[in-house]
Each structure stands twice: as structure tokens, then as C-alpha cells.
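Only one structure is covered here, and it is reproduced in the block below.
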Amino acid sequence: MKKLLLKPKLLIVAASMIAFASCVSETEPILVEEENTSLEILNSETSGGENLRKGDRVERAYFERFSNQLRQVDANDVPVSPQTIPAFFPGVGVGNSTHMGKAMTFLNQVSQLGENGLETVGAPVTQFFSDELSDLGITEIPDIVSSVTTDGKGNSVWFKNINNVVTPESETKFNFQAEVEIVGGTGKFEGATGEGTVVGFFDPTNGSGESTIRGEIKY
């Protein structure tokens, strides 16, 4: 797998934002196993044991799990305080994805004031990771794509963020859920479509957290 060189940066978390604080350095994606989920299931090529063919496309179950690290910055990638609105939350995750195995994810969100108060929505992943993705051969990503999952070997899945909900459970654990749409990809996922649900948590005191996506993909 091709390694990425990412400059170490201080990662800051807003208490109600989906963000994780740490430093990102040169890293090789590591395997993160889903509880009670075997590697055979993670890398299976079927949904419900059968392929549902529609034309020359196949509908399959999709699952991924990542440990994520984000930073809180302004539009020029300069660190900002947790009280800053809007603020961007670009980051990288490492873990495992069905049909890819070991993988890495790049993502970006932005905080804003909405009808129900403070919220986060998807922002273009290329705003901060255009060079890293281009180095992996992943180009021409539309602005609607807020996260990209890739195995670093030419295969990638592109996600559009639809909606986010953050629910504090305690001072050290905030849960979140989001709906996403698959809007393309590269390699064997070129032209992929589908949908899924992101579920995860983060610790606002130190920024550590994890996320999973479960859904369906057609490619």
C-alpha cells in the first residue's frame, strides 16, 4: 500500500462537533475488526448470500470501520478555537472496508448555524486533501463528495453527507449518526451508487473516536 506523508497538526474538538484531536503522521492503514464480525463477512462479495444483479451491476452489502483523527481549522487550514463558526473539520481515518480490506478514509465537514442551532454538514473533501488524493490517482472528485474511502491501490468509494445528528451521552462520550449517499468512485467502484448510515462516537476531552458505515453499494 502506498504510504501518505501528512504534516503533524494539532487537532481541536468543539464540544458539539463531530471532531477528533490528535496528530497525523506517516501511517499505513491498520485493520480494525467490527465486534462479532468476522473477516470473512467484512470481505464477502455478496449481500444476504446472493448477488442481486441489475443489468451489469451488482448490489452488495457495504461495511467499513475507522479510527478517525480530525482537526479544527478555518478555510485557509489555520487552527481556530472551538467557539469559531464556521469551522472546518478535515481528517483522516484508518481501518477496514468491505471489498477493499485495509483502507484509509479522508473526510471534511463544516460547522454552521442552522434552523435547529449549531450543526455540521459535509464539505468538499478536496478542500484540504486534493494533493493526497491526487497522489493516489484519485482525481476529478465533485464538490458534493465529503469523504473518500480508498485502499491506496486505485479503488475508492465516494460519499455525499446528507444529515448529521450529535447526541451527548456523557462529558467524555458524544454519539453521532449521519446518513450518506454513495455518489461514485474509482477502480472497480467507478460509477458506484448506494446509501448507508454512519454511526460512531468521540471523546470531546481528547478527540479520540471511531465510526462505522453500514449500507448497500451497487457497482
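Cβ-Cβ distances below 7 Å connect the following pairs, each with a first residue in the stretch 95-117 that is within 20 Å of VAL145 (Cα to Cα) and in a strand (DSSP E or B), a second residue that is open to solvent by 10 Å² or more (accessible area, probe 1.4 Å) and among the aromatic types (Phe, Trp, Tyr), and a separation of six or more residues or different chains: VAL110/PHE88. Within the stretch 118-135, being open to solvent by 20 Å² or more (accessible area, probe 1.4 Å) and assigned to a loop (DSSP other than H, G, I, E, B) holds for one residue alone: PRO124.
Here the stretch 101-113 is the region considered, the condition is being of a type outside the set (Lys, Arg) and open to solvent by 30 Å² or more (accessible area, probe 1.4 Å), and the residue that is farthest from TYR219 (Cα to Cα) is LEU113. Could you please let me know if LYS160 is closer than 22 Å to ARG57 by Cβ, out of contact with any helix residue (DSSP H, G or I) (no Cβ under 8 Å at 6 or more places or on another chain) and of a type in the set (Lys, Arg)? Against the criterion (closer than 22 Å to ARG57 by Cβ, out of contact with any helix residue (DSSP H, G or I) (no Cβ under 8 Å at 6 or more places or on another chain) and of a type in the set (Lys, Arg)), LYS160 qualifies. Within the stretch 176-194, the set of residues being hydroxyl-bearing (Ser, Thr, Tyr) and buried (at least 19 other Cβ atoms within 10 Å of the Cβ) comprises THR186 only. Criterion applied to THR197, THR212 was being of a type in the set (Val, Ile, Thr), open to solvent by 40 Å² or more (accessible area, probe 1.4 Å) and at pLDDT 95 or above, and the one residue passing it is THR197. When the stretch 61-86 is limited to residues that are at pLDDT below 90 and not in a strand (DSSP E or B), the one that is most open to solvent (accessible area, probe 1.4 Å) turns out to be GLN83. Scanning the stretch 144-159 for residues that are surrounded by fewer than 18 Cβ atoms within 10 Å (Cβ to Cβ) and under 15 Å from the mean Cα position of the chain (by Cα) gives a single hit, ILE144.
The values are calculated or read from the model by the stated rules, or taken from the named source; none is laboratory data. Since the model is a prediction, treat every value here as computed from it, not as a measurement. All Cβ positions, glycine included, derive from the backbone under ideal geometry; neighbour counts span all protein chains shown. Calculation scope for accessible area: heavy atoms of the full protein, side chains included, ligands and nucleic acids excluded. Shrake-Rupley method; radii C 1.70, N 1.55, O 1.52, S 1.80 Å.
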